[in-house]
1. Please indicate, with yes or no, whether at least one residue in segment 262-278 is within 12 Å of the ligand (Cβ to nearest atom), open to solvent by 10 Å² or more (accessible area, probe 1.4 Å) and among the acidic types (D, E).
2. Condition (residue is within 12 Å of the ligand (Cβ to nearest atom), surrounded by 18 or more Cβ atoms within 10 Å (Cβ to Cβ) and not hydroxyl-bearing (S, T, Y)) applied to segment 146-157: is it met by at least one residue?
3. Looking at (1) of a type in the set (G, A, S); (2) at negative phi; (3) open to solvent by less than 50 Å² (accessible area, probe 1.4 Å), find the lone condition where G139 falls short.
4. S178 - would you say it is in contact (Cβ under 8 Å) with a residue 60 or more places away in the chain, away from the ligand (no atom under 14 Å from the Cβ) and hydroxyl-bearing (S, T, Y)?
5. Can you find even one residue in segment 76-87 that is within 16 Å of the ligand (Cβ to nearest atom), hydroxyl-bearing (S, T, Y) and either touching a helix residue (DSSP H, G or I) at 6+ places or on another chain (Cβ under 9 Å) or within 18 Å of L307 (Cα to Cα) (or both)?
6. Being modelled with pLDDT of 90 or more and among the hydrophobic types (A, V, I, L, M, F, W, C) is the filter here, so list the residues in segment 308-346 that pass it.
7. Among the residues of segment 279-315 satisfying the criterion of being surrounded by fewer than 19 Cβ atoms within 10 Å (Cβ to Cβ) and hydroxyl-bearing (S, T, Y), which is nearest to the ligand (Cβ to nearest atom)?
8. Anything in segment 1-34 that is more than 17 Å from E220 (Cβ to Cβ) and open to solvent by 90 Å² or more (accessible area, probe 1.4 Å)? List them, or say none.
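The values are calculated or read from the model by the stated rules, or taken from the named source; none is laboratory data. Just so it is clear, the model here is predicted, and its values are computed rather than measured. With ideal geometry, Cβ positions are generated from the backbone for all residues, glycine too; neighbour counts draw on all protein chains shown. SASA here: full protein model, heavy atoms, side chains in, ligands and nucleic acids out. Shrake-Rupley method; radii C 1.70, N 1.55, O 1.52, S 1.80 Å.
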Amino acid sequence: MKIIIDRLRSVHTLEIDEYKQLLSCREQNTIDYLHQQAREVALSEFGNQIYIRGLIEISNCCRNDCYYCGIRKSNTTIKRYRLDEDIILDCCKQGYQLGFRTFVLQGGEDAGMSDDTIEFIVANIHKLYPDCAVTLSLGEKSFESYKRFFQAGANRYLLRHETYNEIHYRYLHPEKMSSEYRINCLNNLKTIGYQVGTGIMVGSPFQTIDNLVNDILFIEKFQPEMIGIGPFIPHKDTPFASYPTGSVELTLILLSIFRLMRPKALIPSTTALNTIDSKGREKGILAGANVIMPNLTPNTQRKNYELYNNKSHLGAESAEGLEILRKQMQAIGYEISGERGDYVQH
Ligand code: 5AD
């Protein structure tokens, strides 16, 4: 197995069967070796610096009805909100003072938030904070809309493909969504010039090892600048309420595989990982992640952006808890970077 891991590190690709072996590996020595290699690669690319992104959850209104997601349209138990421009700019102001140089505007596919509005907000952030990157994570939009936001100053876009396998995609989403359309969106984002992030939930219902291999091969081919992976966590008011939570161990194995495959990629240690394991954030970093996304959303609304149950948003998960985060990182030998942390090819 170590030979396989060494080869992944040196040539950044493996055969299908070899990926399967890695994903099925339960041998702790081998897994430790995988994480160690991934960690070394991250250290050689980024030093011991961890980039931070200020996450602003701008709306929990969503026209989609994804079976796994707590803000799906059919969930009538949550209070819907939409932040107005002033509030979003306030979040950025606060974030900037705290040292954030990337703002991530994330939200459901909210028909009540027009392209004009989004364009206006992006342009304003860009004008007020020209040294900051603007990342959008607002779901599927037309080529034209993506282009407008890009021209207004957005630099990056996060859109997880969720699963590359069409049949598995069908199990997770209602009829009117399709993996084909989603991949098309990802291609459009690349064409326009965004740094693009994609990814999956680990342990989503009905996911197989073969599905995961397909996801790995897709990411190998698509070459995203950012890769977001976290465990699936059930939400009580969704059709998947009674499905099991994804595995921390498998999430970490995938994280390391992606680091070895794409040494320069920006890979967050996700909130979901830290929600199901109190040391999840640190474990993610030690498995090769190099990004953390603390929450800048106004405290009063955070509880309403529950994609899954018990989503953590306090302490080190929050922007105001940056000092706690700094200490946690220091304890494992890392530092929070003050850079905006773009993807760099060379
Ligand atoms: N568990 C884990 N992650 C989830 N997401 C949505 N719902 C859940 C859940 N129940 C992830 C999806 C989406 C991202 C914003 O959050 O992968 O792309």
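1. no
2. No, every residue in segment 146-157 fails to be within 12 Å of the ligand (Cβ to nearest atom), surrounded by 18 or more Cβ atoms within 10 Å (Cβ to Cβ) and not hydroxyl-bearing (S, T, Y).
3. Failing condition for G139: (2).
4. Numbers: in contact (Cβ under 8 Å) with a residue 60 or more places away in the chain: no; away from the ligand (no atom under 14 Å from the Cβ): yes; hydroxyl-bearing (S, T, Y): yes.
The answer is no for S178.
5. Looking for residues that are within 16 Å of the ligand (Cβ to nearest atom), hydroxyl-bearing (S, T, Y) and either touching a helix residue (DSSP H, G or I) at 6+ places or on another chain (Cβ under 9 Å) or within 18 Å of L307 (Cα to Cα) (or both), one finds at least one in segment 76-87, hence yes.
6. Hits for segment 308-346 are L322, I324, L325, M329, A331, I332, I336, V344.
7. Restricting to residues being surrounded by fewer than 19 Cβ atoms within 10 Å (Cβ to Cβ) and hydroxyl-bearing (S, T, Y), the top hit is S312.
8. K2, I3, R26, E27, Q28, N29
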